[in-house]
Amino acid sequence: MICEAQYGSRTIQFRLERRKVKSLAIRVHPAGFVEVVAPLKADTDEIRRRVGRKGRWVLKQQRQFAEILGLPTGRRHKSGESIRYLGRQYRLRIRQGEQASIKLTRSGLEVVIALHARADKAARLVAAWMADRAREKLTERFQRCTKLVDGFGIKGGQCSIRRMPRRWGSCTKQGRVLLNPTLVAASVDCIDYVIIHELCHLRCHHHRPEFYKLLSQILPDWKRRKARLETSLA
């Protein structure tokens, strides 16, 4: 059921689902739409008011997701396009259906959009799916890499996913490693190279010879991985 709530002059559209739950839950999906799960007997007008009271948070979440995804207004995808994920090319297949969905199969990335969906709906679904996979896969690789560097006296800090225009990764002075979500298009060995490169900065906050000596000890083939990354995602 599609409903609307008011936040000042802004109208927030949300999808309402009723379940056997005790309290109302509001979620903003990376693609930008809002989902609300409410108790079976909850009053619809009260649900609208509750969503309206959370309007500031909802709009903030939508803006943040749009920044992370880098969603270009009006962009469209067509069936047959190639989508790169974890170093492999997948064929994009778009079809119309009753409910929007997206799923990775052996044959490609299957996207279902509603008959009267906005023109950039497929692009938004793909971007949201990639953002979800980026958070999942990059966090998973970060945890594995921190275990690897631990044997070299490097204690892994924290990891955040952040879109950066000119960098695959970065390391803050506070020890937080930032990873560009577009890295999820690269192969796992290339992702690990970027993560380990940034983790090395926890010991060497520069690119002097000591840094590359440490990097080579941990990852002897880092130059090959770096070249592959720059070639595949150029």
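Mind checking which of LYS121, LYS22, LYS213 has the largest fluctuation in a GNM of the chain, springs on alpha carbons under 10 Å? Largest GNM mean-square fluctuation: LYS22.
Beta-bridge orientation, the chain: approximately 60 percent antiparallel, per DSSP, counting only bridges with both partners inside.
Looking at the stretch 82-129, what % of its DSSP beta bridges pair antiparallel, to the nearest 5? Can you show the working numbers first?
Working: 9 of 14 bridges.
Once the DSSP bridges in the stretch 82-129 are tallied, antiparallel ones form about 65 percent.
Kindly rank 122-128, 105-111, 180-186 from highest to lowest mean number of other beta carbons found within 10 Å of each residue.
Sorting 122-128, 105-111, 180-186 by mean packing, highest first, produces 122-128, 180-186, 105-111.
Coupling constants for the stretch 204-214 follow from the phi torsions by the Karplus curve (6.51 cos²θ - 1.76 cosθ + 1.60, θ = phi - 60°), and in residue order they are 10, 8, 6, 10, 7, x, 4, 5, 5, 5, 5 Hz; glycine and proline get x. How many nm separate the modelled label positions at THR182 and ARG133, each set 7 Å beyond the Cα in the direction of the Cβ? Using points 7 Å along Cα→Cβ, the separation is 1.6 nm.
If neighbour count is taken as other Cβ atoms inside 10 Å, put VAL112, VAL21 in order from fewest to most.
VAL21, VAL112
Sorting LYS103, LYS20 from the fewest to the most surrounding beta carbons within 10 angstrom yields LYS20, LYS103. Under a model in which nothing but the beta-carbon of Lys, Arg (+1) and Asp, Glu (-1) is charged, the stretch 135-224 shows a dipole of about 320 debye around its Cα centre. Protection proxy ranking, highest mean first, for peptides 138-145, 166-173: 138-145, 166-173, where packing is the per-residue count of other beta-carbon atoms within 10 Å, averaged. The Kirkwood hydrodynamic radius of the chain, based on inverse pair distances between different Cα atoms, is 20.2 Å.
What number, rounded to the nearest 500 deg cm²/dmol, is the helix-based mean residue ellipticity at 222 nm of the chain, given -39500 (n - 2.57) per DSSP H run of at least four residues and division by all its residues?
-12500 deg cm²/dmol
Our estimate of slack between ASP120 and SER216, defined as 0.36 nm per intervening residue step minus the Cα-Cα distance, is 30.1 nm. For the stretch 135-234, build the charge dipole from Cβ charges (+1 Lys, Arg; -1 Asp, Glu) around the Cα centre, then report which of LEU179, ILE195, PHE152 sits farthest towards its positive end. Highest projection toward the positive end goes to LEU179.
Going from the residue with the fewest nearby Cβ atoms within 10 Å to the one with the most, ASP132, ASP43 rank ASP43, ASP132.
Quick note: the coordinates plus some simple rules give every number you see, no bench work behind them. Predicted model only: the values in this text are computed from it and were never measured. For neighbour counting, all protein chains shown are included, and Cβ atoms are generated from backbone atoms with ideal geometry for every residue, glycine included.
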